[in-house]
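S.K.: My structure is below; once you've seen it, I'll send some questions.
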Amino acid sequence: MFMRNLLKAVVALSLCASFVPGALAAKTGEYGLGQPATQAEINAWNDDVSPAGDNLPAGSGSVAQGQRVYAEKCAACHGAQGQGGPMDKLVGGQGTLDTKAPVKTVGSYWPYATTVFDYVRRAMPFNAPGTLSDDQVYAVTAYLLYMNGIVQSNAVMNAKTLAAVKMPNRDNFLKKDPRPDAP
Amino acid sequence: MDSNKFSVKRRGFIGGAFLAGSALASGGLSRAADAPALPPRPTEQGAKLRPYGSPSPFEKGVVRVPVKLNADTDTELTSWNFTPLQDLQGTITPNGLFFERNHGGVPNIDPAEHRLLVHGMVDNERVFTMDDLKRYPPVTAVHFIECSGNGLTEWAKPTGKTVQITHGLLSCAEWTGVKVSSLLNDLGVKPGAAWVLAEGADAALMDRSIPLQKLMDDAILAYAQNGEALRPEQGYPLRLLLPGFEGNMNVKWLRRLKVGREPFYTREETSKYTDLLANGDARMFTFVMEAKSVITQPSGGMQILQKGERPITGLAWSGRGTIRRVEVSTDAGKTWSPARLVEPVQTKALARFVFPWKWNGEEAVLQSRCYDDTGYVQPTLAELVKVRGLNSVYHLNAIQSWHIAADGTVTNVHA
């Protein structure tokens with residue numbers, strides 16, 4: 001057993017010595033493929049928004065403005081009051097997560113308000129993603145937060161105020177995978 | 001989830017498939033009393049050459065089945081398309097039957113126009129064409145992809161009628177592409193980087209945060225599947241392949257990798273793909289698909305018509321490594337016997353198992369359970385529910401039970 005392991009180790013070492021530095025372990029810039037990304041190219045696609053508010057754009061939107069955007073762009077799928085139907089329910093559900101019929105909405109489940117902005121700008125409206133202005137996205141985010149009782153009716157969302165919103169369910173996520181947990 | 005939320009078209013074909021051989025032998029051919037019971041020799045020429053082949057017309061029933069899992073809230077652009085596991089052999093899923101889940105339809109991308117932007121915490125931020133990527137040393141590997149919502153209807157009660165519906169968000173292919181580590185090492189990752197955002201070029205710009213360690217370990221930027229270019233619905237011309245991680249993270253139509261310090265907390269990893277526990281807490285970042293197995297023949301919707309020899313076969317897989325052992329029970333888990341694993345058994349890939357069985361015409365409950373090379377044993381549903389409750393939706397990898405009635409009818413049960 002010992003001899004076999006020793007043999008394996010010697011073989012492994014010799015493989016490392018003869019092959020890895022050359023063919024397998026790439027050094028930075030060794031291939032020289034692709035083109036340097038210009039700042040304009042990075043700016044064009046670098047639009048993900050973090051919970052700290054990184055990448056939130058200029059602009060703003062109020063709850064009142066958001067109500068109009070919502071009625072025009074969102075209500076047909078998510079219901080006039082965000083109650084859902086035919087698509088996801090967006091409002092309500094707080095206090096249901098530990099019951100037999102949990103209702104997961106922006107208000108009851110989503111941990112970060114910045115994710116609402118990011119997702120609406122990224123993927124909504126479903127049939128015309130990428131068509132809302134940043135002001136419209138701020139506004140409709142404000143309206144969704146208002147309908148969930150998270151901001152006041154006079155709230156205005158912008159890069160600073162949105163990042164400061166604390167969502168009710170933020171601290172109820174376990175961010176480390178504890179599995180395997182059975183058996 | 002209510003069974004009436006399950007709007008799948010039943011196919012009469014499933015019931016017949018398992019028994020096609022015996023049906024044919026007993027009455028499939030008409031014959032005169034003195035004629036041999038064999039097909040006549042052909043007297044006409046067959047079909048002409050075709051540029052691209054397709055299955056025999058007699059296999060027309062072997063198709064993916066789209067299912068709206070969330071009642072009325074899915075569309076043809078966002079629903080799931082399930083692989084017909086009951087009709088497949090071996091371990092490789094044909095490209096036309098590989099399961100699908102999209103978030104904004106299937107984009108039609110010209111590979112000459114496609115670009116991959118790699119930016120953030122790298123020394124060299126760069127834009128790659130497909131041709132650039134194909135100039136890196138290629139790698140090829142066989143890996144499964146499973147949606148972490150596979151089986152989500154099965155937590156509280158048996159719901160899916162067939163293995164296509166209970167387990168069909170699972171497929172396996174031979175992938176070719178570039179190791180992500182080749183690319184990132186070439187660009188130089190800055191100290192402190194730990195997470196990478198992967199973003200698709202679909203209408204939803206679907207994006208997920210991936211641990212940098214996983215990308216440097218065994219991730220592949222895949223451009224080919226089973227020897228040909230990716231199919232459009234699998235991410236043509238480029239997808240991320242994260243062996244053993246939940247399907248949603250294997251971002252299709254990949255256009256951007258952004259290297260950073262922290263997770264990006266996208267919608268898909270916060271409001272979706274998080275596992276709600278009974279106490280209201282939710283697990284986030286549960287990426288690995290744990291070891292799981294299922295019997296595919298016989299399985300739900302089939303009927304066994306004859307007693308006697310009837311080999312049991314199925315699939316086993318683990319996102320942590322390699323399947324080491326599969327056992328089969330024909331008495332609802334009271335006793336277990338080892339099944340034969342068909343070589344080759346590869347890491348983070350589907351493995352095929354076979355178990356010789358003679359059906360004696362009596363009621364039976366068939367189960368399989370697998371062990372992977374970490375020592376993990378596939379759990380029972382009760383063991384999973386004890387820890388996770390009934391609200392967690394994702395990552396159901398429990399033992400599946402198929403009930404055989406005295407008339408040979410096979411149904412999905414909890415046992």
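Only the coordinates and a few stated rules stand behind these numbers; no lab work does. None of the values given here were measured: they were computed from a predicted structure. Please note: Cβ atoms are built from the backbone with ideal geometry, for glycine as well, and neighbour counts cover all protein chains shown.
S.K.: With θ set to phi - 60°, apply the Karplus curve 6.51 cos²θ - 1.76 cosθ + 1.60 along the stretch B:146-159 and write out the HN-Hα couplings as whole Hz, x wherever there is a Gly or Pro.
M.R.: Using θ = phi - 60°, the values come out as 10, 5, 6, x, 4, x, 4, 7, 9, 5, 8, 7, x, 10 Hz.
S.K.: For a label point 7 Å from the Cα of B:N360 along Cα→C-beta, name the residues of the stretch B:291-323 whose backbone N is under 14 Å from it.
M.R.: Inside the label zone: B:307-309.
S.K.: Could I ask something else about it? Which order results if B:F82, B:F58, B:F285 are arranged by neighbouring Cβ count within 10 Å, fewest first?
M.R.: B:F58, B:F285, B:F82
S.K.: Something else about it: Please go through the stretch B:79-185 and write out the trypsin sites (Lys or Arg not before Pro) that DSSP classes as loop and that have at most 16 other C-beta atoms within 10 Å.
M.R.: B:R135
S.K.: Per residue of the stretch B:79-92, in order, report the coupling 6.51 cos²θ - 1.76 cosθ + 1.60 (Karplus, θ = phi - 60°) as ³J(HN,Hα) in whole Hz, putting x for Gly and Pro.
M.R.: After applying 6.51 cos²θ - 1.76 cosθ + 1.60, I find 6, 9, 10, 8, 7, x, 4, 5, 9, 9, 10, x, 10, 9 Hz.
S.K.: Given R₀ = 22 Å, FRET efficiency for B:N124-A:T38 by Cβ-Cβ distance, to 0.05?
M.R.: The value I calculate is 0.95.
S.K.: List the residues, sorted by chain then number, that are 5 or more residues from B:Q297 or on another chain and whose placed amide H is less than 5 Å from its amide H.
M.R.: The list, which skips near neighbours in sequence, is B:T313.
S.K.: In whole percent, what relative contact order does the stretch B:64-135 give with Cα contacts below 8 Å and a gap of six or more residues? Don't jump to the answer; show the numbers that get you there.
M.R.: Numbers: 75 pairs, mean separation 17.2, N = 72.
Averaging sequence separation for qualifying contacts and normalising by length gives 24 percent for the stretch B:64-135.
S.K.: Using a Förster distance of 30 angstrom, determine the FRET efficiency expected from the C-beta separation of B:A112 and B:E44, and round it to 0.05.
M.R.: With R0 = 30 Å, the Cβ-Cβ based efficiency is 0.10.
S.K.: Let me ask another. Per residue of the stretch B:294-309, what does 6.51 cos²θ - 1.76 cosθ + 1.60 with θ = phi - 60° give for ³J(HN,Hα)? Whole Hz please, x for Gly and Pro, Karplus curve as stated.
M.R.: Residue by residue, the stretch B:294-309 yields 7, 7, 9, 9, x, 8, x, x, 8, 9, 8, 9, 10, 6, x, 4 Hz.
S.K.: Multiply the residue gap between B:F58 and B:E383 by 0.36 nm, knock off their C-alpha separation, and tell me the result in nm, one decimal place.
M.R.: Full extension of this stretch gives 112.7 nm more.
S.K.: While we're here: Enumerate the amide H contacts of B:M121 below 5 Å, restricted to partners 5 or more residues apart or on another chain; note that Pro and chain-start residues carry no placed amide H.
M.R.: Sorted by chain and number, the residues that satisfy this are B:V259, B:G260.
S.K.: Using a Gaussian network for chain B with springs between C-alpha atoms less than 10 Å apart, which of these wobbles most: B:E383, B:E199, B:E100?
M.R.: B:E383
S.K.: Right, something else. Could you give the radius of gyration (one decimal) and Dmax (whole number) of the Cα atoms in chain B, in Å?
M.R.: For chain B, the Cα radius of gyration and maximum Cα-Cα distance read 22.9, 84 Å.
S.K.: Does the stretch A:44-116 come out rounded, prolate or oblate, given a ≥ b ≥ c as the square roots of the eigenvalues of its C-alpha gyration tensor, rounded meaning a/c under 1.5 and, failing that, prolate meaning a/b above b/c?
M.R.: oblate
S.K.: Using a 10 Å cut-off on Cβ to Cβ distances, tally the other chain neighbours for every residue of B:109-119 and report the average as a whole number. Kindly include the intermediate steps, with their values, before the conclusion.
M.R.: On the way: counts 0, 0, 0, 0, 0, 0, 5, 1, 7, 2, 5.
Partner Cβ neighbours, averaged per residue: 2.
S.K.: Using a cut-off of 29 Å between alpha-carbon atoms, which lysines can reach A:K73, once sequence neighbours fewer than 8 places away in the same chain are excluded?
M.R.: Correct list for A:K73: A:K89, A:K104, A:K160, A:K166, B:K5, B:K68, B:K252, B:K272.
S.K.: How much mean residue ellipticity at 222 nm does chain B get from its helices, if each DSSP H run of length 4 or more adds -39500 (n - 2.57) and you divide by all residues, to the nearest 500 deg cm²/dmol?
M.R.: Computed ellipticity for chain B at 222 nm equals -2500 deg cm²/dmol.
S.K.: Here's a follow-up. Please give, to one decimal in nm, the separation of the simple spin-label points placed at B:R261 and A:Q152, each 7 Å out from Cα toward the Cβ.
M.R.: Spacing of the two 7 Å Cα→Cβ label points: 3.4 nm.
S.K.: If you count the DSSP beta bridges with both ends in the protein assembly as shown, what percent of them are antiparallel, to the nearest 5? Display every interim value, and only then the final one.
M.R.: Working: 80 of 87 bridges.
Roughly 90 percent of the DSSP beta bridges within the protein assembly as shown come out antiparallel.
S.K.: Using the number of other C-beta atoms within 10 angstrom as an exposure proxy, rank B:R324, B:R267 with the fewest first. Could you put the intermediate results ahead of the total?
M.R.: Details: B:R324 18, B:R267 22.
Fewest to most other Cβ atoms nearby, the residues stand as B:R324, B:R267.
S.K.: Arrange the following residues from fewest to most other Cβ atoms within 10 Å of their Cβ: B:R255, A:R68. Intermediate values should be presented prior to the final figure.
M.R.: Details: B:R255 19, A:R68 14.
Arranged by neighbour count, lowest to highest, B:R255, A:R68 become A:R68, B:R255.
S.K.: Suppose R0 equals 30 Å. What FRET efficiency, 1/(1 + (r/R0)^6) with r the Cβ-Cβ distance, do A:A80 and A:K175 give to the nearest 0.05?
M.R.: On the way: r = 36 Å, r/R0 = 1.19.
Once the sixth-power term is evaluated, E becomes 0.25.
S.K.: Would you list the P(r) distribution for the protein assembly as shown, with all Cα-Cα distances sorted into 20 Å bins from 0 and each bin expressed as a whole %?
M.R.: Whole-percent P(r) values from 0 Å outward: 18, 49, 28, 5, 0.
S.K.: For the stretch A:23-160, what is the Kirkwood hydrodynamic radius in Å, using each pair of distinct C-alpha atoms?
M.R.: Taking every pair of different Cα atoms in the stretch A:23-160, averaging 1/r and inverting gives 16.7 Å.
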